[in-house]
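Worksheet: one structure, shown below.
Derivation of every value follows stated rules applied to the coordinates shown; laboratory data play no part. In this text the structure is predicted, and so the values were computed from the model without any measurement. Neighbour counts run over all protein chains shown; Cβ positions are idealised from the backbone, glycine included.
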Amino acid sequence: MTDTRTAVLAAVDALVAAFGRHDTKAYFDAFSPAASFIFYNLDRTLQNRAEYEAEWALWETRDGFEVRGCRSTKRNVQLLGDVAIFTHAVETELSISGQAMTNYERETIVFARQTDGRWLAVHEHLSAMPS
């Protein structure tokens with residue numbers, strides 16, 4: 001189980017690091033093409049990775065969105081066979097239209113072990129941190 005937990009956390013760390021440096025290719029490669037996404041600041045569920053990639057591109061072009069850093073704390077992994085549920089608190093430094101800001105949020109990411117042994121994210125749910 002420790003090896004499995006280590007593998008899941010390695011997948012988490014790669015995903016968070018790619019997000020934190022605004023490396024869209026590495027970030028989106030950490031998700032299954034069929035992954036779904038629920039974000040508190042959107043009025044709909046993104047049903048797959050392609051929808052999220054399109055939304056991200058819109059944020060970049062319309063809003064000047066850029067991730068400048070990301071920190072993950074209060075991390076927890078629940079293992080359920082070939083599925084892992086990862087929860088954490090996330091602090092994101094970003095820029096919108098050139099204005100720096102920091103978001104404090106909670107996030108759940110569900111990972112599934114692929115047939116080749118890799119762990120890919122299959123669902124992400126982001127919530128605002130309660131005040």
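Points to keep in mind about this one:
- Rounded if a/c under 1.5, otherwise prolate or oblate - the chain, Cα gyration tensor axes: prolate
- Cα-based helix-to-principal-axis angle, 49-63 vs the chain, degrees rounded to 10: 20
- Overall, the anisotropy analysis places region 28-74 in the rounded class: the square-rooted eigenvalues a ≥ b ≥ c of its C-alpha gyration tensor yield a/c less than 1.5.
- Virtual spin-label span in nm between Glu55 and Thr102, 7 Å along Cα→Cβ: 2.5
- Choice from Arg44, Arg68, Arg118 with maximal GNM fluctuation in the chain (Cα, 10 Å cutoff): Arg44
- Projecting the Cα positions of His123, Val67, Leu42 onto the charge dipole of the chain (unit charges on Cβ atoms of Lys, Arg, Asp and Glu, taken about the Cα centre) puts His123 furthest along the positive direction.
- Exposure proxy ranking, count of Cβ atoms within 10 Å, fewest first, for Thr24, Thr2, Thr92: Thr2, Thr24, Thr92
- Applying 0.36 nm per residue to the separation of Asp13 and Asp116 and subtracting their alpha-carbon distance, the gain on full extension is 35.2 nm.
- Ranked by how many other Cβ atoms sit within 10 Å of their own Cβ, fewest first, the residues Tyr52, Tyr104 fall in the order Tyr104, Tyr52.
- Using alpha-carbon coordinates, inclination of helix 2-20 to the longest axis of the chain, degrees: 10
- Note: relative contact order over the chain, using C-alpha pairs below 8 Å and six or more positions apart, is 24 percent.
- Other residues lying with their Cβ under 15 Å from the Cβ of Leu46 contribute a combined charge of -4, Lys and Arg counting +1, Asp and Glu -1.
- Rounded to the nearest 20 debye, the dipole magnitude of region 6-131 is 300 debye, with +1 charges on Lys and Arg beta carbons, -1 on Asp and Glu beta carbons, and the Cα centre as origin.
- Total formal charge among the other residues, if their Cβ is under 15 angstrom from that of Ala7, Lys/Arg +1 and Asp/Glu -1: 0
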